[in-house]
Amino acid sequence: MAVGARSGHGEPERRPGRTDEPSGEPSGGDVPQEARSQAAGPGQDATTVTSSEPPASEDGAGRGGSGGEGRGARRDEPKKQRSFWKELPLLIGIALVLALLIKTFLVQAFSIPSESMQNTLQRGDRVLVDKLTPWFGSKPERGEVVVFHDPGGWLGESPATDQGPVAGGVQKVLSFIGLMPSAEEKDLIKRVIAVGGDTVECKGNNEPVTVNGKALDEPYIFPGNTPCGDKPFGPIKVPKGRIWVMGDHRQDSLDSRYHQELDRFQGTVSEDEVVGRAIVVAWPINRWATLPVPGTFDQPGLSAAAAAAPPVFGLAGAVPLVLWRRRRTLRKAERSIVVVPAAKG
């Protein structure tokens with residue numbers, strides 16, 4: 001006997017005692033044939049659509065569902081790599097910024113334009129100049145090879161060259177980031193012979209250069225040259241904050257000797273004009289070499305401050321000693337005083 005009306009139209013009834021379907025939920029067999037036909041869609045067999053969930057769409061998200069499985073599938077897909085041509089401008093920009101930072105704060109390359117520093121440096125050599133240590137208060141020292149701006153009148157007026165707008169613009173950009181020498185800046189390279197407070201002199205006639213009375217042994221001078229060439233000088237007291245510079249090719253270097261009449265500083269160069277110390281010959285490869293300070297500048301007594309140090313330190317040590325002995329004498333005097341009691345009347 002039937003217990004309820006069914007719209008299955010000939011579908012088999014559920015047999016009593018069947019436990020393969022959960023109670024309270026319609027099974028696939030309870031779905032009307034018309035509903036299953038609509039879910040299957042045209043051209044599909046209704047008996048093949050058995051899931052109650054809507055099918056996944058092309059982008060992986062089910063209709064009316066959360067689409068979690070679709071999103072997970074998209075995350076697993078490998079990302080497309082950016083095109084090399086799209087990354088190239090970024091790489092060039094980073095390289096230019098790094099070059100500018102290195103040129104400004106670390107090292108800068110300079111080209112040697114003359115023979116004034118032979119044989120230490122040859123025309124066309126490229127040297128690397130340390131620009132970092134001056135940021136920490138480092139000052140030029142005797143014997144160092146330094147690059148400095150023209151103090152005024154050393155190089156004279158050079159004729160202007162018309163390179164055209166394109167070539168001129170390219171040179172300005174490359175010189176700004178340190179890849180080319182600037183056409184506007186005028187820099188020189190010489191060796192520091194004396195610093196502020198020193199007295200420097202050269203009497204000529206193959207006499208050596210002296211600093212604070214100490215003769216310099218200069219093996220770096222160009223072969224056949226004399227220590228001060230045909231331009232003896234001094235004695236000159238180098239002002240504080242300035243340096244006396246000379247080229248290693250003494251007969252072919254317009255250095256401090258030849259600019260004593262320009263101003264009241266007698267041919268010395270301000271420390272503020274110094275770009276940095278040349279530390280290495282970087283090009284050409286077969287001339288690679290460091291530029292150390294010659295040993296003659298380390299001789300005892302060369303520094304004016306060092307010459308004054310013994311008296312200063314002697315005085316500084318004598319003052320505490322005198323005070324200590326005076327205090328000791330006073331203590332002994334206090335102990336030797338005998339107190340005599342007053343006589344009773």
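Structure summary
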{"item": "Count of segment 133-172 residues which are of a type in the set (Val, Ile, Thr), at pLDDT 70 or above and either in contact with a His (Cβ under 8 Å, 6 or more places away or on another chain) or assigned to a helix (DSSP H, G or I) (or both)", "result": "1"}
{"item": "Segment 249-300: number of residues that are of a type in the set (S, T, N, Q) and assigned to a helix (DSSP H, G or I)", "result": "4"}
{"item": "Filter result (closer than 12 Å to residue 250 by Cα and surrounded by fewer than 19 Cβ atoms within 10 Å (Cβ to Cβ)) within segment 209-221", "result": "220"}
{"item": "Options 224, 247, 234; residue that is of a type in the set (Gly, Ala, Ser), over 32 Å from the mean Cα position of the chain (by Cα) and open to solvent by less than 70 Å² (accessible area, probe 1.4 Å)", "result": "234"}
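Residue-by-condition table, conditions (1) at pLDDT below 70; (2) open to solvent by less than 50 Å² (accessible area, probe 1.4 Å):
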residue: 72; (1), (2): yes, yes
residue: 77; (1), (2): yes, no
residue: 84; (1), (2): no, no
residue: 94; (1), (2): no, no
residue: 106; (1), (2): no, no
residue: 113; (1), (2): no, no
residue: 117; (1), (2): no, yes
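The values are calculated or read from the model by the stated rules, or taken from the named source; none is laboratory data. Source: prediction; values computed, not measured. When we count neighbours, we look across all protein chains shown, and the Cβ atoms used for this are built from the backbone with ideal geometry, even at glycine. Side chains included, ligands, DNA and RNA excluded: accessible areas come from the protein's heavy atoms. Shrake-Rupley method; radii C 1.70, N 1.55, O 1.52, S 1.80 Å.
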